[in-house]
Amino acid sequence: MKELKQLNGTGFRPLHHFNLLALLTGLAVPASAVSPRLNSTSPVGGQRGTEVEVKLNGSRLEGAQEIVFYSPGIQAGKIDSTKGDSARVRFKIAPDCRLGEHQLRVRTSAGVSDLRTFWVGPFPELAEKEPNNEMNKPQTVPLNTTVVGAAGGEDVDYYQVLLKQGERLSVEIEAIRLGRALLDSYIAVHDSAGKVLAASDDTALLMQDSALTFVAPKGAVYTIQVRETSYGGAADTAYRLHVGTFPRPTAVFPAGGKAGEELEVTFIGDAAGNFTQKIKLPLESESKCGAFAEKDGRIAPSPNWMRVSTFPNILEAEPNNAREQATGAYTDLPVALNGILSKGGDGDWFKFDAKKGQSLEISVHARRLRTPVDSVLAVFDSKGESLGSNDDSAGADSTVKLNVPADGQYFVRITDHLNQGGPDYVYRVEVTIVQPTVTLSIPQVARNDSQSRQFIAVPRGNRFATMISARRANFSGDLVFSIDGLPTGIRMNADTMAGKVDAMPIVFEAAADAPSAGKLLELTAKPAESDKSVRSHFCHQVEFINGPNNTFYYHSLAEKLYVAVIESAPFKVYLSEPKVPLVQRGSMDLKVNVERKADFDEPINVKMMWNPPGVGSQPDITIPKGANAGIYQLNATGNADLREWKIAVLASATVRGGPMHVSSQLTKLEIGEPFVTGKIQTLAASPGEAPKLICKLDQKKPFDGKATLRLMGLPDKITAPELEITSEDKEAVFNLTIDPKCPFGSHKNLFCAAEIKHQSQTIPHNIGAGGVLRVVPPKKADTKVAATSSGKAK
């Protein structure tokens, strides 16, 4: 009755009470929650320091209450969401808003949308004006402008700018990075005669997006061409084209620095020449920090990437192309070694001191920072003996782990895999003491689907469960989860994650009176043993543009978990906690219960979120229309861990044309030792016989009364009656009846299904799996041949 009272307290009432209340009060039953879809925004970006009218395109957007930005700098005004397929809102972009990509979601009263992006640029925006498809009829644009256009298919767009002699022209496109569609861009600059003066297809810095920079040889009009590189792709795919005199370096050196310091860096690769700039680094470590190049009052629209660490930099000192010339790191570890593979065939050497027993991780950061280097890393001792090498353990970057064998000096050598090099082949090698880390994420619910249920949306008075994956590095123990600052009325329920497990469900529950709200939060994990520490962080990899063979061209990383309270759901599910264990080699019928609101009668699909090690279940069950319970069958292998686990189911139903998800509570499932095991003795018999099949029993612990045994896996035309055994019996003997017409053959999957009573509960067991019964031809009778004295038969 306690559970029933809780359900009634959240608005779940018997049908006649619910209808009577509605009639007496004259109140309509509230619409039920279902998540919105956000497909795109129009426009896809805006200039910082301005306000932009934005249209949100998708479905089920009515009742939009909040635009959730993952980073500061943009504020959303009042949302007009009277239409389900679109909403309108005004974005106010701060003058100091960070340039580039900003992640966002829409929260409605009914749910949370997909994650999309909005791009912020430094320049005034200008819309493309068709027709501009011929080189001799381009659209004129002023310098330091962002053109908002569309291309794809056979569309080619032309733009015209006026340059002075010696003036820098930089062109950069945001296309595939917008995350809308695969627009593999190509840009080129032509002179008045049509000659190509500069061109760009793919870039190390911007991937499939293009960027170029060149200096005008004379004062004249120049034409910019924009198209899809192979004249393919979807037509009318959006792009943002930055055109101006801003710097556009291809690399920054060094590619990282110490947290909190002011670092002088050199920007490399701009057509007007390299230049230095002082950058104030963040106070905390960052794996990827954007450094924006600024020159002559202009700023690049996108950054070059750096690492921010807690340890000092060592810069290469040329020449360092041989071990004897290695640049020394005369400081305690950890340390960062920075250099440039300045020409083809270049190989750089560094040396550092290490102590016996230290466990080191030596990692190259180059391609992860979007430089061209495809590294090969090698580590040597003071005698020149190789201690390890690596090519691509971290994408195109390299990592070597080293257990230091003795106090002394050690060397690292870095080269490019294809022996390439150049002024912007910048790299950073971090030599660190191995630290335990845990990366948390929500696993994808379907292949190539990085959006569905990658957030927490809890209906009032209900529950929502998610799987959490924990990728451990240099650590293998149990984990305890926590999350601070949950929205009012929400609590998280999470079991301790066992060291041998890398994923499990956690459940969020919202009170019946929890206000509608949402927060971006940090989900963390720490070791269950209090004397240990581990660095953990949450990461959601959003794969916007998928490629072939389960790859992707562009992704964005969200490092916080969004948790929200949404309006109530029309149904609720809970599990009846098993009163007996699921025994090894046994099975269990787990009851799933449903509470429905009066006006909701749809079928409900139920999925087991997670099976503990050694436990199996059917993929899902459907509780039919009008039904209020279902049975989920579980099975345990013979080596399932003997311990308690917490399990949950996720239930979904169609509500207002879309999927609605709720979950059960976390429920205890105990894996227990069987009361009895056994082995079926191999038997060979013939059609028409009535042999005895024996199962030798191994009694593990006493049980109540008598247990029923059924012999399973028998073929047609062979029967055996049920048996009863007690906890004292050493064998079970089945009397088989084999039909005379039974075909010959071998049957290798016999087992005994046992129903054992304990504390008034039935515990199913499977005993003697793998028993063999052979049906063979009968032996021929012996015949005697009488012979005459002459040797002839009579």
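Among the strands (runs of 3 or more DSSP E) confined to region 90-158, the ones with at least 3 residues that are open to solvent by less than 30 Å² (accessible area, probe 1.4 Å) are located at 100-108, 116-121, 145-151.
Select from region 48-58 the residues that are open to solvent by less than 40 Å² (accessible area, probe 1.4 Å) and touching a Gly at 6+ places or on another chain (Cβ under 9 Å) and write down the one among them that is modelled with the lowest pLDDT.
Taking region 48-58 as the starting set, the residues that turn out to be open to solvent by less than 40 Å² (accessible area, probe 1.4 Å) are 52, 54, 56-58.
Within this subset, residues satisfying the condition of being touching a Gly at 6+ places or on another chain (Cβ under 9 Å) are 52, 54, 58.
Details: Val52: 97, Val54: 97, Gly58: 94.
Out of the qualifying residues, it is Gly58.
Residues that are under 23 Å from the mean Cα position of the chain (by Cα) and open to solvent by less than 40 Å² (accessible area, probe 1.4 Å) are absent from region 616-623. Across region 249-306, which residue is farthest from Val215 (Cα to Cα) among those that are assigned to a loop (DSSP other than H, G, I, E, B) and hydroxyl-bearing (Ser, Thr, Tyr)? Only one residue fits best here, namely Ser285. Restricting attention to region 131-186, the residues that are touching a His at 6+ places or on another chain (Cβ under 7 Å) and on the phi > 0 side of the Ramachandran plot total 0.
Quick one: which residue in Pro570, Pro612, Pro578 is in contact with a strand residue (DSSP E or B) (Cβ under 9 Å, 6 or more places away or on another chain) and open to solvent by 10 Å² or more (accessible area, probe 1.4 Å)? Going through Pro570, Pro612, Pro578 in turn, just one is in contact with a strand residue (DSSP E or B) (Cβ under 9 Å, 6 or more places away or on another chain) and open to solvent by 10 Å² or more (accessible area, probe 1.4 Å): Pro578.
Residue-by-condition table, conditions (1) crowded, with 19+ Cβ neighbours inside 10 Å; (2) closer than 30 Å to Phe538 by Cβ; (3) modelled with pLDDT under 95:
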position: Gly257; (1), (2), (3): yes, yes, no
position: Glu286; (1), (2), (3): no, yes, yes
position: Pro303; (1), (2), (3): yes, yes, no
position: Arg307; (1), (2), (3): yes, yes, no
position: Gly328; (1), (2), (3): no, no, no
position: Val335; (1), (2), (3): yes, yes, no
position: Ser342; (1), (2), (3): no, no, no
position: Lys356; (1), (2), (3): no, no, no
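The condition of being of a type outside the set (Ser, Thr, Tyr), modelled with pLDDT of 95 or more, open to solvent by 30 Å² or more (accessible area, probe 1.4 Å) and under 30 Å from Phe69 (Cβ atoms) holds for only one of Lys560, Lys607, Lys646, Lys591, that being Lys560.
Of the strands (runs of 3 or more DSSP E) lying entirely inside region 559-633, those containing at least 3 residues that are farther than 20 Å from Ile671 by Cα are 561-566, 571-575, 587-596, 604-608, 620-623.
Entry remark, region 690-705: residues being open to solvent by 50 Å² or more (accessible area, probe 1.4 Å) and either in contact (Cβ under 8 Å) with a residue 60 or more places away in the chain or under 15 Å from Val733 (Cα atoms) (or both) number 4 in total. Residue-level check: of (1) more than 20 Å from Ala690 (Cα to Cα); (2) open to solvent by 50 Å² or more (accessible area, probe 1.4 Å); (3) touching a strand residue (DSSP E or B) at 6+ places or on another chain (Cβ under 7 Å); (4) not β-branched (Val, Ile, Thr), His765 misses just (2).
Residue-by-condition table, conditions (1) modelled with pLDDT of 95 or more; (2) part of a strand (DSSP E or B); (3) within 28 Å of the chain's Cα centre (by Cα); (4) crowded, with 22+ Cβ neighbours inside 10 Å:
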{"residue": "Ala406", "(1), (2), (3), (4)": "yes, no, no, no"}
{"residue": "Gln409", "(1), (2), (3), (4)": "yes, yes, no, no"}
{"residue": "Ile414", "(1), (2), (3), (4)": "yes, yes, no, yes"}
{"residue": "Gly422", "(1), (2), (3), (4)": "yes, no, no, no"}
{"residue": "Glu430", "(1), (2), (3), (4)": "yes, yes, yes, no"}
{"residue": "Thr439", "(1), (2), (3), (4)": "yes, yes, yes, no"}
{"residue": "Pro443", "(1), (2), (3), (4)": "yes, no, yes, no"}
{"residue": "Gln454", "(1), (2), (3), (4)": "yes, no, yes, yes"}
{"residue": "Ala457", "(1), (2), (3), (4)": "yes, yes, yes, yes"}
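Among the residues of this structure, Val400 does not count as one that is open to solvent by 30 Å² or more (accessible area, probe 1.4 Å), without any contact (Cβ under 8 Å) to a residue 40 or more places away in the chain and aliphatic (A, V, I, L, M).
The values are calculated or read from the model by the stated rules, or taken from the named source; none is laboratory data. If you're wondering where the values come from, they're calculated on a predicted model, not measured in any experiment. Note that each Cβ is placed from the backbone with ideal geometry, even for glycine, and that neighbours are counted across all protein chains shown. Accessible surface areas use protein heavy atoms only, side chains included; no ligands, DNA or RNA. Shrake-Rupley method; radii C 1.70, N 1.55, O 1.52, S 1.80 Å.
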